[in-house]
């Protein structure tokens, strides 16, 4: 796991959308110009000489779903009247065509327990109500879809975000994003996707009764695409966690979320299509549940439930191919449980690798032209280690060839914080190998 929090910049006139970030994901966006700001200076003279040959790449990629945020909790706002849905749907469909074709969290098709209570240093019980599990054994009776929806509707929330960016031509811009979340404790902890809240300047949560809260960011984990936020509320209705390990292919599944950012509480049904599907998203290989339940932009972070009303997955991706339907993915709840607990307790997941690099993965001609480079590869944009420079192209880690972000992460994630590894880079036609001591990512 790398610290690609800051936007990588070779030249600051590069469009923000071209930056490949580990946290991944682009929102439903609606951009508006903010008051004029000082212009961003570009470095027109910067370039890279004699880059390495183009690497071998061939994995077909699909843009995945949805959105992005962070600050202090506040009192609930009065419910806002919803906008006219017809206009909202049309606008979001048009917006999706413009934004979701750009990339963001890229989904590359590489198909081939009862918990314990956790608490902070204070006396607040964070997780007890989340971890309790309903028995789904022989004595349990499956619910109807309507009963599942009624049981869990108060546990699924709508999330909207604002992301402030700067554009050289238009100054400061404010983009809005939309996603979903699932309440995991009575005192307001909510799990969602990292890509839903990544980079946002504000997060707003709307409950099923349309009460709105400003949420604070508790912690994120880009490696699993999970994040926890919190609202200042009590007596929330937490979801009951099930067990994804007990799922079988063909079992019924229900997804509840906020598709298109306008349709909160939408219920769709389908089946579990596959278990342990290996999928690469923004260079992170994840083992996900596959479902044919309808998944749309804005569903990210929402819940995937079984017919006992138990949360069995966190929706995080879908294939966006125009002729592809019924292909959605969710993070298994057994994977999510430990991550959620650590994010609540620590604000981060212990043991994640921090290289100190900001990386840009250039694997297509358009992106290469934007950055004014002549070869594909994994570029270092910024480095906290002085042995590496902006424009270095990573060739190998510990002697193992690197061609893109996915191969880099696959190798580097096999190490632990404190380990020292040899990083080989191409710089101005020369091949250099330098040691790098790995840190622990805490943000």
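Since every read-out is calculated from the coordinates, none of them should be taken as a lab result. The model shown is predicted, which means the values in this text are computed figures rather than measured ones. Note that we place each Cβ from the backbone using ideal geometry, even for glycine, and neighbour counts take in every protein chain shown.
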Practice task
Provide 210, 262 in ascending order of the number of other Cβ atoms located within 10 Å of each residue's Cβ, fewest first.
Solution key: 210, 262
Completion exercise
Cβ density ranking, 10 Å radius, fewest first, applied to 160, 165 yields 165, 160
Exercise for the section: Along Cα→Cβ, 7 Å out, is where each label goes; now give me the distance between the ones at residue 169 and residue 150 in nm to one decimal. Expected result: 5.4
Handout entry: Coordinate range along principal axes, alpha carbons of the stretch 353-440, Å, largest first
Key = 37, 23, 21
Fill in the blank from the handout: Semi-axes of the stretch 145-346 from the Cα gyration tensor (sqrt of 5 times each eigenvalue, largest first, whole Å) come to 25, 20, 16
Problem - Calculated SAXS-style log₁₀ I(q)/I(0) at q = 0.16 Å⁻¹ - the stretch 139-210, Debye, Cα scatterers - result: -0.68
Fill in the blank from the handout: Assertion target for 404, 292, ordered by fewest C-beta neighbours within 10 angstrom first, is 292, 404
